[in-house]
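Trainee: Got a structure for you, written out below as structure tokens; questions coming shortly.
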Amino acid sequence: MDHLNSTGSSPCALCIWSAAPISDWLIQAVCSSGLKVIAVGSPRADVRSCFGCDNDSFSDLRVFSSSMRGIPLLFVGFGNSASHTAIGSNHPMVFTTEPWLAPLIGSASDIGEVTLPGIPLDGRLSQASDIFEQSGSPDIAQITSLGSVVHGSILARIQESAGILLKWMGVPDRVSASVGGPRLTRSSDDHPDSASRSLRLWVGSFALTCQFLDGRAGLIMASNQHPTWSRKALACGPFGAVQVDDATLDWRDAANALVEHTAPAPSEWESGDHVSIIANTLRSGANGRLLGRQHHEQSRAFIEAACLSAFTLESESPSKMAEILSNR
């Protein structure tokens, strides 16, 4: 690997670090990108075998990042502040499944966010967002994000819904979560600001109620036990009611009069197209889908508060969690 270190970044190569199994859709996207995977920096043999890489295994992310210096990186996992700094220093371009990683790494790298099938706030959901910006925030919103294990972890499904809710309604005062299935047990090395770690590999369902200081409310329901990928939302407010999924949008006023209706466009959002979008992002390094720094921080605090609530069985404050994260 010494010749890789000396030649710098290669536009045709990609190194991968993952401490967890890589979802089928992401494997397909990498294979479709045309990039050569030169190393899978993971101690997991099953992850490495997905791409047929025979390089030496690395058990430490910082050692791996230093060895792969100058090469674009696909990062799947959490890491810590030290490893994030190493990633930002060693790689000219970073793609990640973690929406809040970008501000932690800083400006040293161009961060390309590789999300689940579908990009948060794309398609008709973006159209709904425009309606709310012009007509007023929803008084209540219900958002569902469903998929199977191959479509991503339960944590990633929650992240996607949270991004939509925060965009539409802002940050709630309190969140209360319930999880379907056996009660989760956090490992002894977890900290209050990393409750989401324990949900990363979990298979199950998640319900989250959000309470705002002005009386508004939101509901998120997510699962990775559903046979197919699906997301939709219903929002009610001064504009009437908007029901939306990736392909359709139906907007009716308080008198049930139709204000706007879009015809279904199913071929636009088939899973194969999602893989193509992600593969193109990997190949071109496009980073236009990233949220701003403030939204990253709000999203992370929201998710950590929600996941902590799943363990404490009490309502938690995203604002308080934001304070904890900022003082780490």
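Here, each number is a calculation from the coordinates, and none is a lab measurement. This one's a predicted model, so the numbers in the text were calculated from it and none came from an experiment. Glycine also receives a Cβ, built like all others from the backbone with ideal geometry; neighbour counts cover every protein chain displayed.
Trainee: Between Asp253 and Ser315, 0.36 nm times their residue separation minus their Cα-Cα distance comes to what?
Mentor: So the chain would gain 19.0 nm between Asp253 and Ser315.
Trainee: Compute the distance in nm between two label points, each set 7 Å from the Cα along the Cα-to-Cβ direction, one at Cys12 and one at Asp24.
Mentor: Modelled inter-label distance: 3.1 nm.
Trainee: What distance in nm separates the simple spin-label points at Ser326 and Ala217, each placed 7 Å from Cα in the Cβ direction?
Mentor: With each label placed 7 Å out from Cα toward Cβ, I get 3.0 nm.
Trainee: Provide Glu260, Glu316 in ascending order of the number of other Cβ atoms located within 10 Å of each residue's Cβ, fewest first.
Mentor: Taking fewest neighbouring Cβ atoms as first place, the list is Glu260, Glu316.
Trainee: Now, a different point. When Ser23, Ser57 are ordered from fewest to most other Cβ atoms inside 10 Å of their Cβ, what list results?
Mentor: Ser57, Ser23
Trainee: Grab the other residues whose beta carbon is less than 14 angstrom from that of Phe239, score K and R as +1, D and E as -1, and report the net.
Mentor: The answer is -4.
Trainee: So for the pair Glu260, Ser148, with labels modelled 7 Å out along Cα→Cβ, what separation do we get in nm?
Mentor: Here the modelled spin labels are 3.5 nm apart.
Trainee: Listing Ser59, Ser135, Ser42, Ser18 from the residue with the fewest other Cβ atoms within 10 Å to the one with the most, what is the order?
Mentor: Ser59, Ser135, Ser18, Ser42
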